[in-house]
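Read through the structure below, which is laid out as structure tokens, and then see the notes.
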Amino acid sequence: MLNIFKKWRGSPDLSNEQIINQEELLKGEIPNHIAIIMDGNGRWAKKRALPRIAGHHEGMKVVRRVTKQANALGVNALTLYAFSTENWKRPKVEVDYLMKLPEEFLTTFLPELIEENVQVRVMGDKNKLPIHTLKAVNKAIEETKDNDGLILNFALNYGSRTEIIAAVKDIVKQVESGKLKKEEIDEGIFSNYLMTQTLPDPDLLIRTSGEIRLSNFMLWQLAYTEFWFTDVLWPDFNEQCLLQAIHTYQHRGRRFGGV
Ligand code: FPP
């Protein structure tokens with residue numbers, strides 16, 4: 001088992017970690033919804049004297065593998081932070097590339113996603129996406145909308161504060177028009193106005209590359225989520241890393257504020 005994982009395309013050194021057996025892991029609870037902040041593409045490229053976009057391209061390949069694995073493990077939803085509302089501040093060449101990636105990913109892997117019964121969703125302000133990105137995304141959403149396997153939810157031009165403010169504005173409109181009573185507003189109603197709507201809150205959040213912050217990601221939805229941080233850079237993230245994260249999750253005591 002150990003050798004198999006060590007051989008896996010230059011996987012990170014896990015010698016200090018326990019190697020997790022997938023069969024054993026499947027005997028425990030698999031998180032219903034996993035959210036991932038995929039970080040470290042730039043540093044991965046820099047270490048190899050490559051342009052930053054090479055790191056993003058490698059990161060895209062990892063998205064494919066993690067999607068397959070999550071689906072096989074029986075995870076119901078996987079939300080991936082692919083582009084934040086703040087990422088527009090990056091150099092134009094990088095932004096342009098990041099906007100091409102969903103298109104490349106979906107064009108290349110849509111048949112595979114359909115074959116594997118994956119349902120593609122996108123949360124974020126889609127109106128600001130370039131037309132080629134929007135077309136690819138809408139096509140994938142349309143062609144997978146009846147699939148009932150893993151929900152692969154890309155956060156694209158997503159920012160949690162913007163999402164919350166938009167929800168507040170929508171709620172105010174509903175109250176002003178008399179369609180909603182102020183007294184009716186509770187956590188459940190509020191959640192319905194967020195971009196995650198029908199998705200349950202994530203059970204497990206993973207952030208790669210050693211950064212320990214949320215970066216404006218799902219601030220409301222992560223209230224009771226278990227966090228797992230790793231120094232592994234996203235392009236180096238592999239099947240064993242996901243198993244490690246889920247293994248840790250299975251050994252946490254979730255109390256949701258109770259005892
Ligand atoms: C953060 O790393 C990563 C991003 C802003 C982009 C994440 C995108 C992908 C992994 C590919 C997405 C694929 C699809 C299919 C949409 P960083 O660039 O900030 O890394 P650094 O902190 O090392 O510079």
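The values are calculated or read from the model by the stated rules, or taken from the named source; none is laboratory data. Keep in mind that this is a model prediction, so the values were computed, not measured. Glycine also receives a Cβ, built like all others from the backbone with ideal geometry; neighbour counts cover every protein chain displayed.
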**Report entry** Positions within the range 21-45 being surrounded by fewer than 21 Cβ atoms within 10 Å (Cβ to Cβ) and more than 7 Å from the ligand (Cβ to nearest atom), in sequence order
**Finding:** ASN21, GLN22, GLU23, GLU24, LEU25, LEU26, LYS27, GLY28, GLU29, ILE30, ASN32
Report summary line: Checked against (1) under 26 Å from ASP203 (Cβ atoms); (2) more than 12 Å from the ligand (Cβ to nearest atom), ILE114 satisfies every condition except (1)
Report summary line: Of the residues in the range 194-250, those that are of a type in the set (Phe, Trp, Tyr) and within 16 Å of the ligand (Cβ to nearest atom) number 4
Query raised in the report: Just checking, which of ASN76, ASN87 is away from the ligand (no atom under 11 Å from the Cβ), surrounded by 15 or more Cβ atoms within 10 Å (Cβ to Cβ) and at negative phi?
Result: ASN76
Query - Filter result for LEU180 (within 16 Å of the ligand (Cβ to nearest atom) and either more than 22 Å from VAL122 (Cα to Cα) or within 18 Å of the chain's Cα centre (by Cα) (or both)) - result: no
Requested in this report: Determine the pairs where a residue that is more than 7 Å from the ligand (Cβ to nearest atom), located within the range 52-66, has a partner that is β-branched (Val, Ile, Thr) with Cβ atoms under 8 Å apart, the partner being 6 or more residues away or on another chain.
Outcome: ILE53/VAL93; VAL66/ILE36
Requested in this report: Mind telling me which of the residues LYS139, LYS173, LYS128, LYS100 ends up being touching a Leu at 6+ places or on another chain (Cβ under 8 Å) and over 12 Å from MET195 (Cα atoms)?
Outcome: LYS139
Query - So THR107, is it modelled with pLDDT under 95, more than 23 Å from PRO31 (Cα to Cα) and more than 9 Å from the ligand (Cβ to nearest atom) - result: yes
Report task. Could you pull out the residue among SER209, SER215 that is in a loop (DSSP other than H, G, I, E, B) and crowded, with 19+ Cβ neighbours inside 10 Å? Result -> SER209
Requested in this report: Quickly run through the range 150-167 and pick out the residues that are part of a strand (DSSP E or B), more than 13 Å from the ligand (Cβ to nearest atom) and farther than 16 Å from ILE114 by Cα.
Outcome: none
Query raised in the report: Would a scan of the range 92-99 turn up a residue that is surrounded by 18 or more Cβ atoms within 10 Å (Cβ to Cβ), among the β-branched types (Val, Ile, Thr) and either modelled with pLDDT of 95 or more or within 11 Å of the ligand (Cβ to nearest atom) (or both)?
Result: no
**Report entry** Residues that are in a loop (DSSP other than H, G, I, E, B) and closer than 23 Å to VAL120 by Cβ, drawn from the range 186-206
**Finding:** TYR193, LEU194, MET195, THR196, GLN197, THR198, LEU199, PRO200, ASP201, PRO202, ASP203
Query raised in the report: If we keep just the residues of the range 178-200 that are surrounded by 17 or more Cβ atoms within 10 Å (Cβ to Cβ) and in contact with a helix residue (DSSP H, G or I) (Cβ under 8 Å, 6 or more places away or on another chain), which is farthest from PHE154 (Cα to Cα)?
Result: LEU180
